[in-house]
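J.: Starting off with a structure, shown below.
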Amino acid sequence: MTLLQRMADVVGLMATPLRPSHYTELVYPLWSSHRLQARVEGVWDETRDARTLTLRPGRGFRVHRAGQHVRVGVTLDGRRMTRTYSISSSPDRDDGCFTITVKTCEGARVSRFLARDVRPGAFLSVELPQGDFCLPDSTPVRPLFITAGSGITPVMSMLRTLALRDRMPDSVHIHYAPRARDVIFGGELERIAAEHPRYRLRCVYTRDGVSRSASYFTAQQLEELCPDWRERDVWACGPQDLLDALGAHFERAGRPERLHVERFTARVAPLSANAIGGTVHFRRSGLETRADGKKVLLRVAEDAGIGAPHGCRMGVCHTCDATMLAGCVRDIRSGREINEPGTRIQLCVCAAAGDVEIEL
Amino acid sequence: MNSNLPTSKRLPVRLSDAEIEEVGRDLDTIQHEIKASLGERDRHYLLRIIALQRRLALASRLVIFASLAFLPRWGHVASGWLPFFVVIGLGTIGLGIAKILENMEIGHNVMHGQWDWMHDPEINSTTWEWDTVCPSDQWKHSHNVIHHTWTNVIGRDRDIGYEIMRVTPEQRWHPVYLLQPIFNVLLALLFEWGVAFHDLDIHGMRGRGKLLPEDRRVLLGIGKKVGRQVMKDYVLWPLFAGPLFFWVLGANAVANLIRNVWAYMIIFCGHFPAGVHVFTEAQIEGETRGRWYVRQLLGSCNIEGGKLFHLMSGNLSHQIEHHLFPDMPSHRYPEAAPRVRALCARYGIPYNSGSLTRQFGTTTGKILRLAFPTRNHAVTTVVG
């Protein structure tokens, strides 16, 4: 630790139990170092239901690698919700901003909020960029990109970067969209294709009513659109069905290692009033057990031999709170169901409502 | 009368077991209705209070520094003891108020899990640390677990007289209690220190004559927290005043004192005023949710006052509602209170509410009276 850091730590004690950053953020939210936030600088509708948000992150953010994603937190009805979005801009962008492109869809509250309600000037919480859905830096590759819908976003970051650096490799891009008008970044993709002959764009429109044969992924279609697919590395991002079909295809072809996928599985379990119990997975303990819809999870853990911390056993003291990683539980006092991943739940008053995974 | 129970298990209310459970269900309904309506406006309230508290704390510390410019030694037009003491007094009171808000309306309530529903990683009962010498993890054990689960049960609730005072005739008299009027004043002045050592098993340690690893862990935690707090208020901030070190140190000490005395007063009014009930372990054997609720109702007291008073007490002036619904956001207690009070009236359960003068007066009177031996009462008297 340098002398300067040590001095900063001592001065930081003046704010204990907080940090100086808790006071600087009162002046301007991006001046905080204890949590990352980003200011919405601008919004732009790419299609009818997809919007690009330009975000200026605060201190401590790091430039992403093309293809990485970022977790974005919003507050809806007083509650924090966090979702993951691929960064669609190039890391070479020099104004200190990055963009995410969000498509609204039925039931997705966070995406709907980001694509419809957020105004420039708003602040969102963000985390550092993560993920390894990236092109290798050093080794030359011949990529085949397969994307559908908003799955274009991480690939867009790659294409923009390759175009900016003028290092476009021999690449093929198969993109699925309902109609031409629904292609996110459609105009820019065509421009890149025009300027960089080594980049070949093959759009498949699944609902334009003209080309009835055009459909979702098939082996035959791949053979037609990219006959040399066996010699290429594949980067794919899109709905679960597409990725499943691709996974099966490359498994059969004996080249699963050539397929790189980015999946954003919605880990939000459905709410269902008649779900009674399920499999409970205690992640840290590595134990799995069945539980009915009546037995509280604290008892389930104890019966499985996990010594969980606890206090009042009646939902008062919050000593047994634990993070629910996935699944759905029911608060037996109110009957309210909780399915937001990452929520801290009270084990002594919650029972399984379907399968559930708990950090314990 | 819950007549099918042995005398030792009866609660001092004229209610059957079925009625007690009905009270429990009614209180559950109040709790669920209010919690279901939590949303953006509640979050907005808390964020506003937090921002207000932080601004007030920082501004007050700056005012304390500004006051040094008025010391008579500088010999300018505005200098003199009067302007100096006015300004440093303002800064000190401001800092005291900021500490009260931080400890009571923010810290105490966040650590109860009242705001965990927001899923805000910054404002969470598991990670919040407050501006007192008491480490938050230890406080959550002694307060949330021990006090809130075993409220007013003699031998279990260590908040009854804080293990150094006799606040109910049911505690056996001992000559050491003759000194309790002095203890009482000392506890008021040093309240945060009393709270800091509250989770330490002092009686057990004395009995064993040695430290267990658990005691060591607790002491180490207190030591670390005390170190940081002392460094802040009594070393670093005063150092910025250079030769005027002791003025800033003094102002910070007084601010802590203001908070100590205020917190002591509010908290002593919560469970010790005249008319409050205490319980034996026998009475709570196999306690149902309904009976737990009734015990909280009988063992807690409210203080009446205006909006500002409720805010400054961290809404612990609604101690009854706080004990019924410990993890309901505190600013909703005023909404729950009339419903709880009406429910108590319907079922004939006493609802102990009074002015600060009444509640603090009877508490202090009891502490003075109980310093001396009393004839032992039956543990609880049946009302009516």
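Every read-out reported here was derived from the displayed coordinates using simple, explicitly stated rules and does not represent laboratory data. Remember, predicted model here, so these are calculated numbers, not experimental data. Heads up, the Cβs are rebuilt from the backbone with ideal geometry, glycines too, and the neighbour counts pull from every protein chain shown.
J.: Express the relative contact order of the range B:113-161 as a whole percentage, based on alpha carbon pairs under 8 Å and six or more residues apart in sequence.
T.: The value is 18 percent.
J.: Summarise the long-distance tail of P(r) for the protein assembly as shown by giving the % of C-alpha pairs beyond 51 Å.
T.: On the way: 76727 of 276396 pairs.
Across the protein assembly as shown, Cα pairs with separations above 51 Å total 28 percent.
J.: Could I ask something else about it? Taking one equal scatterer on every alpha-carbon of chain A, how large is log10 of I(q)/I(0) by Debye at q = 0.06, 0.08 1/Å?
T.: So the normalised log intensities are -0.29, -0.52.
J.: I would also like to ask the following. My understanding is that a pair violates if its Cα-Cα distance is over 26 Å; which of B:Lys140/B:Lys224; B:Lys35/B:Lys225; A:Lys294/B:Lys140; B:Lys140/B:Lys232; B:Lys224/B:Lys366; A:Lys103/B:Lys35 do that in this structure? Walk me through the intermediate numbers first.
T.: On the way: B:Lys140/B:Lys224 17 Å; B:Lys35/B:Lys225 34 Å; A:Lys294/B:Lys140 28 Å; B:Lys140/B:Lys232 23 Å; B:Lys224/B:Lys366 36 Å; A:Lys103/B:Lys35 32 Å.
In this structure, B:Lys35/B:Lys225; A:Lys294/B:Lys140; B:Lys224/B:Lys366; A:Lys103/B:Lys35 lie more than 26 Å apart at Cα.
J.: Here's a follow-up. In whole Hz, with x marking every Gly and Pro, tabulate ³J(HN,Hα) for the range B:357-373 from phi via Karplus 6.51 cos²θ - 1.76 cosθ + 1.60, θ = phi - 60°.
T.: So the J values, rounded to whole Hz, are 4, 5, 5, 6, x, 5, 4, 5, x, 4, 5, 5, 5, 7, 5, 9, x.
J.: Can I ask one more? Relative contact order of the range B:43-129, please, whole-number percent, based on alpha carbon pairs below 8 angstrom and at least 6 residues apart.
T.: Once divided by the residue count of the range B:43-129, the mean separation gives 27 percent.
J.: Return the calculated 222 nm mean residue ellipticity for chain B, to the nearest 500 deg cm²/dmol, obtained by summing -39500 (n - 2.57) across DSSP H runs with n ≥ 4 and dividing by the residue count. Mind showing how you got there, number by number?
T.: Working: 14 runs with 192 residues, N = 384.
Result for chain B, helices only: -16000 deg cm²/dmol.
J.: When the helices in chain A are scored as -39500 (n - 2.57) per DSSP H run of 4 or longer and the sum is shared across all residues, what 222 nm value do you end up with, to the nearest 500 deg cm²/dmol? The partial results should precede the final answer.
T.: On the way: 8 runs with 72 residues, N = 360.
Computed ellipticity for chain A at 222 nm equals -5500 deg cm²/dmol.
J.: If the viscosity is 0.692 mPa s and the temperature 37 °C, what translational diffusion coefficient in µm²/s does Stokes-Einstein give for the range B:247-325 when Rh comes from Kirkwood over Cα pairs?
T.: Details: Rh = 14.4 Å.
My calculation gives 227 µm²/s for D.
J.: Could you run the Karplus curve 6.51 cos²θ - 1.76 cosθ + 1.60 with θ = phi - 60° over the range A:283-294 and give me ³J(HN,Hα) per residue in whole Hz, x for Gly and Pro?
T.: Computed from phi, the couplings for the range A:283-294 are 5, 5, 7, x, 10, 10, 8, 8, 9, 7, x, 10 Hz.
J.: Let me know the shape class of the range A:17-126, please: from the alpha-carbon gyration tensor, a ≥ b ≥ c as square roots of the eigenvalues, rounded when a/c is under 1.5, otherwise prolate if a/b is greater than b/c, or oblate. Can you show the working numbers first?
T.: Values: a/c = 1.96, a/b = 1.33, b/c = 1.48.
Here the range A:17-126 falls in the oblate category.
J.: Still on this structure, please answer the following. Would you please give the residues with an amide H less than 5 Å from that of A:Asp233, counting only those at least 5 places away or on a separate chain, with H modeled from the backbone geometry?
T.: Long-range HN contacts for A:Asp233: A:Arg142, A:Leu144.
J.: Another one. Enumerate the amide H contacts of A:Leu360 below 5 Å, restricted to partners 5 or more residues apart or on another chain; note that Pro and chain-start residues carry no placed amide H.
T.: Those lying under 5 Å, H to H, from A:Leu360 are A:Arg283, A:Arg284, A:Ser285.
J.: Can you list the aspartates and glutamates whose alpha carbon is less than 14 Å from that of B:Lys99, not counting same-chain residues fewer than 8 positions off?
T.: Answer for B:Lys99, where 14 Å is the Cα cut-off: B:Glu129, B:Asp131, B:Glu192, B:Asp233, listed by chain and number.
J.: In whole Hz and in residue order, list the ³J(HN,Hα) couplings for the range B:152-158 that follow from phi through the Karplus curve 6.51 cos²θ - 1.76 cosθ + 1.60, θ = phi - 60°; x for Gly and Pro.
T.: Each residue's phi maps through the Karplus curve to give 6, 9, 4, x, 10, 8, 6 Hz.
J.: Under 1.5 on a/c is rounded, so check that first for the range A:143-262, then, if it is not, pick prolate when a/b is larger than b/c and oblate when it is not; a ≥ b ≥ c are the square roots of the alpha carbon gyration tensor eigenvalues. Each step should come with its number before you reach the end.
T.: Working: a/c = 1.61, a/b = 1.11, b/c = 1.44.
Oblate, since a/c reaches 1.5 and b/c is not below a/b.
J.: Relative contact order (percent) for chain A, with alpha-carbon contacts under 8 angstrom and 6 or more residues of separation?
T.: Computed over chain A, the figure is 11 percent.
J.: Which net charge results for the neighbourhood of B:Gln229, defined as the other residues with beta-carbon distances under 13 angstrom from its beta-carbon, given Lys and Arg at +1 and Asp and Glu at -1? Please list the in-between numbers first.
T.: On the way: positive: B:Lys99, B:Lys224, B:Lys225, B:Arg228, B:Lys232, B:Arg259; negative: B:Glu102, B:Glu129, B:Asp131, B:Glu192, B:Asp233.
Net local charge, B:Gln229 excluded: +1.
J.: For A:Gly277, what charge total do you get from the other residues with a beta carbon under 12 Å from its beta carbon, if Lys and Arg give +1 and Asp and Glu give -1? The partial results should precede the final answer.
T.: Working: positive: A:Arg290, A:Lys294, A:Lys295, A:Arg330; negative: A:Asp292, A:Asp355.
Surrounding charge for A:Gly277 is +2.
J.: Here's something else I'd like to know. Given the range A:278-358, report the % of alpha carbon pairs whose separation exceeds 18 Å. Kindly include the intermediate steps, with their values, before the conclusion.
T.: Numbers: 927 of 3240 pairs.
For the range A:278-358, the fraction of Cα-Cα distances above 18 Å is 29 percent.
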